[in-house]
Amino acid sequence: MSKHSDVVEWTGPTLVTPEPFHTIPWLLEDRVKRLPDAPLMEIKTQLGGNWRRLSAKQFAAEVKSVAAGFIGMGLQTGDRIAIMSRTCYEWTLLDIAALSAGLVVVPIYETDSAEQIGTILEDADPRIVITETIVLARLVRSVRQKGKNLQKILTIEDGALVLLVEAGRGVVLDTVDQRTKSLTADTLATIVYTSGTSGKPKGTCLTHGNFAHLVINGQKWMPEIAHIRSSRLLLFLPLAHVYARFLQLFQISGGGVLGHTPDTSNLLADLAKFRPTYILAVPRVLEKIYNAAEAKARSSRVGTVMFANAVKVAIAYSHALDTEDGPSRSLRAKRQLFERLVYRKITKLLGPNARWVISGGAPLGARLGHFFRGMGIPVLEGYGLTETTAPLAVNTPRLTKVGTVGPPIATITVKIAEDGEILLKGPSVFKGYHNLPEETKAAFTADGWFRSGDLGSLDMDGYLSITGRAKEIIVTAGGKNVVPSILEDSLRGHPLISQTMVVGDNKPFIAALVTLNAEMLPTWLRNHNLPQMDVSDAVRHPQVLAALERAIERANKQVSRAESIRKFKVLLTDFTVENGLLTPSMKVIRREVAKRFAAEIEDLYAGVKSPEKAQN
C-alpha cells in the first residue's frame, strides 16, 4: 500500500461492454435512430443573434454531404486533414464528416504560431488544412512547405463547406457508408498535439474506440447530464483541446442540444439566450466570476459585509450537505435569504437553466467548489489528460466530494505507485505518440500502466485527489521537495493576481513570479480608495504590494515553512496564450516563463548563499 494514499487501486465499473463497431460515426447513427427529429444542434445566426435548430437527421445529412466532399477531393482512408478554427458549428461538422469518411483529424489551435503549425504539418502531414479565416490561411501558407503532401488550404469564411459539398455531388453516398462501415474501434481517429508545458508537443494518437467507449459508458455513468432531452451544452472552450472534443461527442450521443460560441466577448449574452443546462469551464472562468462578484460587492461597506456573509453561508451549507442530518433549519433560512440578495445575481450569469458546471484542466480549490455548490450550482470537478481522451475521474451529481476530482469513471482503473504517481489503464487510454516509439515506450510501465506524470491519492471511497505534477516538483538547494501547484492555485484566487509561477529549483528558498489582473485592477483600486493607475504603476505601489504580501501569507499557511514563499517579484507582463506563456487550456508554460524571466528569477536570489543540501 502506498504511503501517499489510503488505497492504491480503484476501478470504475464497465457499464457497457466495448464492441468493435463502437466508433464515432456510430454514436451519431445511434442518436439518429433514437431521436431522428429531435433538435441536436442550435446554430447562432449572423443577424439578430437568434439560434437556428437542426435535428439529428438533418445534421447527419449535412455530415454525409461534407464527407462525400472529402472523398470527391480524392482523400483516401487514413489520410489526414487539419482544422484550425475557433469553436464553432463548422468545426464539429467538419470533424464528424472527416471521421465518417475514414480520415484522421488533426486539430490546430487558432492561436498557434507559424513555428507550431509547421511542426504539426511536418509530423502529421495532412493533405488538406481547413482554417476559419483568410488570416489563418495565410499563416498556414507561410509554412506550407513543412507538409510534404499538403495539397489544399481551404477557408471556412471563404466558402470551404460549399466547395466540399460541390466536390461531393458526383460521389455516390453509398461510398460514404462503405467508408464508415469499414471503421472499427481500433481505427485511428485523431492526432491531438499536447500543449507542451514542459517539452516539445507530442502527437497523441486516439482511436475511435478511445472516444466511443468512454462516451457510451459516460452516458450510463452520469445520465443526468446529457442523456436527457432537456440537456443543453454551449461550447466555448477550444475544440482543438480533447476536453471540449470529448464533451462535443458526449452531447451528440445523448438526448439534448449542442451549441457553439466562438467569441467569448459575447459569452454572457449567449449563455442567457442559449440557456445551457450545464457548462464546460476551466477554474479560471469560475475564479473570475467569483472575483468580479466580490469586487462589485466591495463598492460599499454594506455590500462588503453582505457578500462576506453570503460566502460563509454558501460554504457552510455545502459542507452540511455532506453530513447525515444535512443543513439545519437556521442555515436553510440564511441560504434562502442570500439566494434572493446575492446568489441569484451570480448564478444568472451562467444562464437561467444552468444546473451544473463541469470543471477541468486545473485544480479548482475546495473553497470555490463549496461556494458554487452552496449557491445551487454544483461544480463537477474532474481530471483527465489528452492521453486518456480527457476525463478519467469526475464528480457526478450523485457521487461528489468537493476538493477531489471524483472517482474513476466507468471502465478506468487508477493505481497509485509507490512514489505517488497516478497510473492508469482502460479503453480510453491512448495507444502511443505519433512517430515517437521511444517516448511511447517510456510512457508505460513494463506491465502496461500509463504513467500520468501527476501525483495523487485515492481515499477509502475511491475518490481521487491530485497533489501535483511530478515533473514540476521543485527541489530546493536544501533538498526540500515542493509541489508548486498548492501555492499557485491559492494565489490565483486573489482578485489582484492573474498568473503566478513558483520557482526555487536548486535555490536556497522558494520564491514566486506574480502578474497582475489588469481587468480587476481598476475595481480593486476604486474599492480601496486608491487613484486609478496602470499595471506599470501598480506593481510599485505600496498598498498593492502589501495586498500581494497578505495573499502570499495566506497561501503559505497551507505548507511548511521550508516550502513557503519567501520573496516575490511582480512582473509587468502577464502570461497569455498570445505571448506564448500560457497553453490554450490556460496552463503556464514553465520552461518558457523561466527562460523569458531568467534575470528576474536570478534577482530574487541575488546575494543569497545556498545552504548545504539536507541529508536523507
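A few remarks follow.
- Unique match (being of a type outside the set (Val, Ile, Thr), modelled with pLDDT of 90 or more and in a strand (DSSP E or B)) among Arg31, Arg53: Arg53
- When Asp79, Asp30 are checked against the criterion of being among the charged types (D, E, K, R), open to solvent by less than 40 Å² (accessible area, probe 1.4 Å) and farther than 17 Å from Thr131 by Cβ, a single residue qualifies: Asp79.
- Output for the stretch 351-360, where each listed residue is open to solvent by 40 Å² or more (accessible area, probe 1.4 Å) and either touching a Pro at 6+ places or on another chain (Cβ under 9 Å) or outside any loop (DSSP other than H, G, I, E, B) (or both): Asn353, Arg355
- Residue within the stretch 181-192 that is in contact (Cβ under 8 Å) with a residue 60 or more places away in the chain, in a helix (DSSP H, G or I) and open to solvent by 20 Å² or more (accessible area, probe 1.4 Å) present: no
- Here is the figure for the stretch 251-265: residues that are touching a residue at least 60 places away in the same chain (Cβ under 8 Å) and farther than 28 Å from Asn217 by Cα total 2.
- Yes/no for Ile377 being among the β-branched types (Val, Ile, Thr), in contact with a helix residue (DSSP H, G or I) (Cβ under 7 Å, 6 or more places away or on another chain) and either part of a helix (DSSP H, G or I) or more than 28 Å from Leu491 (Cα to Cα) (or both): no
- Yes/no for Ala310 being open to solvent by less than 20 Å² (accessible area, probe 1.4 Å) and under 15 Å from Trp524 (Cα atoms): no
- Residue match in the stretch 99-119 (condition: within 17 Å of Asn149 (Cβ to Cβ), open to solvent by 10 Å² or more (accessible area, probe 1.4 Å) and part of a helix (DSSP H, G or I)): yes
- When residues of the stretch 243-261 are limited to those that are modelled with pLDDT of 95 or more and farther than 22 Å from Lys57 by Cβ, the one surrounded by the most Cβ atoms within 10 Å (Cβ to Cβ): Arg245
- Residue within the stretch 128-135 that is touching a helix residue (DSSP H, G or I) at 6+ places or on another chain (Cβ under 7 Å) and more than 16 Å from Gly159 (Cβ to Cβ) present: no
- Test: residue in the stretch 537-552 that is crowded, with 20+ Cβ neighbours inside 10 Å and under 30 Å from Ile108 (Cβ atoms): no
- Applying the set (1) open to solvent by 10 Å² or more (accessible area, probe 1.4 Å); (2) in contact with a strand residue (DSSP E or B) (Cβ under 7 Å, 6 or more places away or on another chain); (3) over 18 Å from Ile24 (Cα atoms); (4) not polar (S, T, N, Q) to Ala167 leaves exactly one unmet item: (2).
- Qualifying positions in the stretch 415-435 - closer than 16 Å to Thr190 by Cα and outside any strand (DSSP E or B): Pro427, Ser428, Val429, Phe430, Lys431, His434, Asn435
- Among the numbered conditions (1) loosely packed, with under 14 Cβ neighbours inside 10 Å; (2) touching a helix residue (DSSP H, G or I) at 6+ places or on another chain (Cβ under 8 Å), the only one that Gly74 does not meet is (2).
- When Glu42, Glu62 are checked against the criterion of being in contact (Cβ under 8 Å) with a residue 24 or more places away in the chain and in a strand (DSSP E or B), Glu42 stands alone in meeting it.
The values are calculated or read from the model by the stated rules, or taken from the named source; none is laboratory data. All values derive from a computational prediction rather than experimental measurement. All Cβ positions, even for glycine, are placed from backbone atoms using ideal geometry, and neighbour counts span all protein chains on display. The accessibility values were calculated without ligands, DNA or RNA, using every heavy atom of the protein model including side chains. Shrake-Rupley method; radii C 1.70, N 1.55, O 1.52, S 1.80 Å.
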